[in-house]
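The values are calculated or read from the model by the stated rules, or taken from the named source; none is laboratory data. The model shown is predicted, which means the values in this text are computed figures rather than measured ones. Here the Cβ positions follow ideal geometry from the backbone for every residue, glycine too, while neighbour counts run over all protein chains shown.
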Amino acid sequence: MSTVQTQNDQFYQAVTYVFKSWTALKLAVEMQWGGVDSEDKRDWFVDVVVEYFGKHGKGTHAEDIESILQQVMADEFNTLLEDDSAYQKETTLPSIS
């Protein structure tokens, strides 16, 4: 397997992990707010985001991803993200001395 394919697989796994851990999406799937195929919609959602990054690469903007997250949650899961979980959070990593 090539390095690029390995990186793509790892990115896909990372996005899948994040989406399965995302409280709003997790609840939407568990409660079937997207219907009986909510799990399939979540998996499709992962594909959408991974594909978007694949097409845009370094040209990907946080605002574009935020819009996709909000739109898909609204359209596919009838969910308004009032917790602003679609938005990038600024974090500060501790410095290592």
* To do: Quick one: in the range 25-41, of everything that is surrounded by 15 or more Cβ atoms within 10 Å (Cβ to Cβ), touching a Ser or Thr at 6+ places or on another chain (Cβ under 9 Å) and not aromatic (Phe, Trp, Tyr), which residue is nearest to Ile68 (Cα to Cα)?
  => Leu25
* Asked: Looking at (1) modelled with pLDDT of 95 or more; (2) farther than 20 Å from Glu82 by Cβ, which is the only condition Leu27 fails?
  -> (2)
* How many residues are small (Gly, Ala, Ser) and within 14 Å of the chain's Cα centre (by Cα) when one looks only at the range 4-36? -> 4
* To do: Report the residue count in the range 51-76 for those that are surrounded by fewer than 17 Cβ atoms within 10 Å (Cβ to Cβ), at pLDDT 95 or above and among the aliphatic types (A, V, I, L, M).
  => 2
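Quick check on Val15: is it modelled with pLDDT of 95 or more and more than 18 Å from Asp75 (Cβ to Cβ)?
On the way: modelled with pLDDT of 95 or more: yes; more than 18 Å from Asp75 (Cβ to Cβ): yes.
Yes: the conditions hold for Val15.
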* To do: State whether one or more residues within the range 78-87 are modelled with pLDDT under 95 and small (Gly, Ala, Ser).
  => yes
